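Structure first, commentary second.
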Ligand code: NI
C-alpha cells in the first residue's frame, strides 16, 4: 500500500475520532461510485509485513479476471485498504500471490492536476488485474512513499514521471491509461509488489528512510532552508 495519509487533514481531532471519520468518509465515497461492487460480506484481511516471503515472490497471472473468487478477494482488498487509510493495495500484501492491484489517485494528492495533456494525475478507485506498464520518459521525480507492509516508515523514492499502463477489470474489460505524478507513482508502487519489490529497494538515498514520527524534522529543516534562501 502506498501510504497517503488523509489524516493530515484531520489533525485537530484525536486519533480514534479521526479514524472513525476517515473510515466513514472513505465508505461514503466507495458507495457513491457509479460502478460500486456488491458489498455485503467484505472482510478486513491481515497485511503481510516486510520480511514475509510472500512479499518477495513474483505473483501469478490471473487466468480469469471475472471468476467469483477474484471478486471476493478484490472486495476484501478494498475493505482492507479503506480500513488502513491507503491509496492502494496489492494482492500479495494480503497473502494472495496473484497479479491484482487496487489503487486510487484522488485530486487531493495531485500536485499539478493541469499537467501534460493526455497524462492524468488523478484516478478513481481502480481494480487492475494482470497489469502491464510501459515507462514513457527518462525523467524521474522524488516523492515520499509509505507502505502498510513497511509500517511506521516512509521514504523518498525516485519514480518515472509518466507512463502508460493496461490490464483488466473485474468484468474482463481492458483498461488502458496514461498516468503521471502521484497516479503514476501509486501504479508503480503497487505493481512492484507483484514482482516482489518493496519501495526501499527503489530508493537511491537511504538517509531519506525515516520513521513517520520523525518526519517533522525534515519538514522543519526544509522550511528553515526555504526561509534562509528567501532572506
Ligand atoms: Ni505498498
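Here, each number is a calculation from the coordinates, and none is a lab measurement. Just so it is clear, the model here is predicted, and its values are computed rather than measured. Reconstructed Cβ throughout: ideal geometry from the backbone, glycine too, with neighbour counts over all protein chains shown.
Which FRET efficiency value, to the nearest 0.05, is calculated for residue 67 and residue 140 with the Förster distance at 35 angstrom and r the Cβ-Cβ distance? Efficiency, rounded to the nearest 0.05: 0.40. When the inverse distances between all different Cα atoms of region 57-102 are averaged and flipped, the Kirkwood radius reads 10.8 angstrom. Rg/Rh for region 97-213 (Cα atoms only, Rh after Kirkwood) is 0.96. FRET efficiency for the pair residue 213 and residue 132, taken as 1/(1 + (r/R0)^6) with r the Cβ-Cβ distance and R0 = 30 Å, rounds to 0.20.
Each of 74, 62, 219 was scored by other Cβ atoms within 10 Å of its Cβ. Arranged with the fewest first, they read 219, 62, 74. Counting 0.36 nm for each residue step from residue 52 to residue 222 and taking away their Cα separation leaves a gain of 57.7 nm.
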